[in-house]
1. What does the accessible area of residue 62 come to, in Å² to the nearest 10, when a probe of 1.4 Å is used?
2. Residue 9 versus residue 173, label points 7 Å from Cα toward the beta carbon: distance in nm?
3. Residues with beta-carbon under 12 Å from that of residue 126, excluding residue 126: net charge, scoring Lys, Arg +1 and Asp, Glu -1?
4. Determine the gain in length on full extension of the stretch residue 101-residue 76; use 0.36 nm per residue of separation and subtract their C-alpha separation, reporting nm with one decimal.
5. Report the local net charge at residue 57: Lys and Arg +1, Asp and Glu -1, summed over other residues whose C-beta lies under 13 Å from its C-beta.
Amino acid sequence: MSQTLLNPDKWVDNFADALYSYTLPRVNDAALAEDLVQETFLSAWKAKEGFKGEASEKSWLFTICKNKIIDHYRKKAKDIVQPIGANERQDGYFDEAEHWTNETKPAEWGIDYQQAMDNKDFYKILDACKRKLQQIQQSVFVMKYMEDMDSADICKALGITSSNYWVLIHRAKLQLRTCLEKNWINLK
């Protein structure tokens with residue numbers, strides 16, 4: 001049955017570019033994105049007999065690719081996860097009373113958000129800012145905001161606690177905000 005529903009001879013022609021375009025912004029590394037797409041095709045080839053046709057061939061391949069990306073971050077997390085103490089003050093955003101400092105408090109950007117989101121330059125800068133995050137922060141950010149995973153699933157996948165997750169996502173957002181302000185918004 002799967003033989004008539006799948007067309008593995010056409011996967012590269014029909015889906016490689018789309019899978020690569022999906023993968024690249026999630027891993028920020030062209031060679032890694034290519035490897036993950038190849039792994040997607042290999043896994044799909046090995047699992048083709050189990051394909052039941054409940055989803056389209058394209059959806060099935062994208063699901064495999066998404067799982068490959070998550071597996072990549074899961075493997076990386078084992079090497080890089082370090083618990084973050086609640087009292088660590090490495091970011092400089094808050095004072096001793098846990099209030100925003102005058103220099104770092106959020107300010108209105110005064111931009112047309114729709115225009116910014118449509119601008120390819122914005123996405124280049126966002127990708128560059130994501131690369132500046134610690135690897136574990138990048139993993140959490142991508143899984144949350146690009147893969148739309150819920151926090152419990154991210155914690156399970158990366159083997160981190162809920163409180164560690166919230167510290168990581170909070171710091172990632174703060175650092176991205178600062179980077180975007182310096183390199184895109186030019187508020188400072």
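1. Spelled out: residue 62, probe radius 1.4 Å, area about 40 Å².
2. Going from the residue 9 label point to the residue 173 one covers 5.1 nm.
3. Working: positive: 120, 124, 130, 131, 132, 177; negative: 121, 127.
So the surrounding residues net to +4.
4. Gain on stretching residue 101 to residue 76: 5.6 nm.
5. Net charge around residue 57: +1.
The values are calculated or read from the model by the stated rules, or taken from the named source; none is laboratory data. As the structure is a prediction and not an experimental result, all values here were calculated from the model. For neighbour counting, all protein chains shown are included, and Cβ atoms are generated from backbone atoms with ideal geometry for every residue, glycine included. Keep in mind that these areas ignore ligands, DNA and RNA; they rest on the heavy atoms of the full protein, side chains included. Shrake-Rupley method; radii C 1.70, N 1.55, O 1.52, S 1.80 Å.
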